[in-house]
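Okay, structure first, notes after.
Values in this text are rule-based calculations from the coordinates and carry no lab data. Remember, predicted model here, so these are calculated numbers, not experimental data. A quick note on method: Cβ atoms are made from the backbone with ideal geometry, for glycine too, and the neighbour counts reach across all protein chains shown.
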Amino acid sequence: MGLLAKAPPARLSALVEALGPTPGFTWLRAPEVGGVMMQGRMGGTGGRFNLGETTVTRCALRLDSGEVGHAYVRGRDKDHATRAALVDALMQTPRAGAVEAAVLTPLEAEAEAAKAARAGKAAATRVDFFTMVRGED
């Protein structure tokens with residue numbers, strides 16, 4: 001779900017369209033925009049604190065075959081939330097292997113490549129500090 005929520009909306013759209021015709025579905029909860037409070041932790045391990053609010057879009061749908069898909073995505077993109085919920089529901093069908101290969105695997109590879117590029121860019125600015133022994137001891 002995190003992979004779908006963090007995927008660039010245009011890329012997710014292209015991958016979902018490549019799957020073929022969209023199966024029929026009914027809304028359990030039509031896409032709606034709301035807000036949530038984000039929390040942070042000092043140093044990643046300390047006590048929680050309220051960091052700020054962000055906008056999210058959520059939805060839930062049921063495929064005509066009965067599988068239910070849910071999605072929460074940051075922002076106001078209702079189509080992005082719909083596609084993420086559709087993929088979630090399709091992963092519960094016999095087409096799960098094809099959906100994983102066509103949608104999730106490319107998104108995961110692209111996310112890893114972006115993470116490695118960010119890490120490489122940050123590593124280029126890294127400064128190592130050291131202390132020289134002066135021999136007066």
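Side notes on the structure shown:
- In degrees, nearest ten, helix 105-123 long axis to first principal axis of the chain (Cα): 20 degrees
- Evaluated at q = 0.11, 0.12, 0.13 Å⁻¹, the base-10 log of the normalised Debye intensity for the chain, with identical point scatterers placed on the Cα atoms, takes the values -0.54, -0.62, -0.70.
- Rounded to the nearest 20, the size of the Cβ-charge dipole of the range 34-128 about its Cα centre is 400 debye, with Lys and Arg at +1 and Asp and Glu at -1.
- In the chain, a dipole from Cβ-located charges (positive for Lys and Arg, negative for Asp and Glu) runs towards its positive end, and of Met37, Ala84, Thr57 it is Met37 whose Cα lies farthest in that direction.
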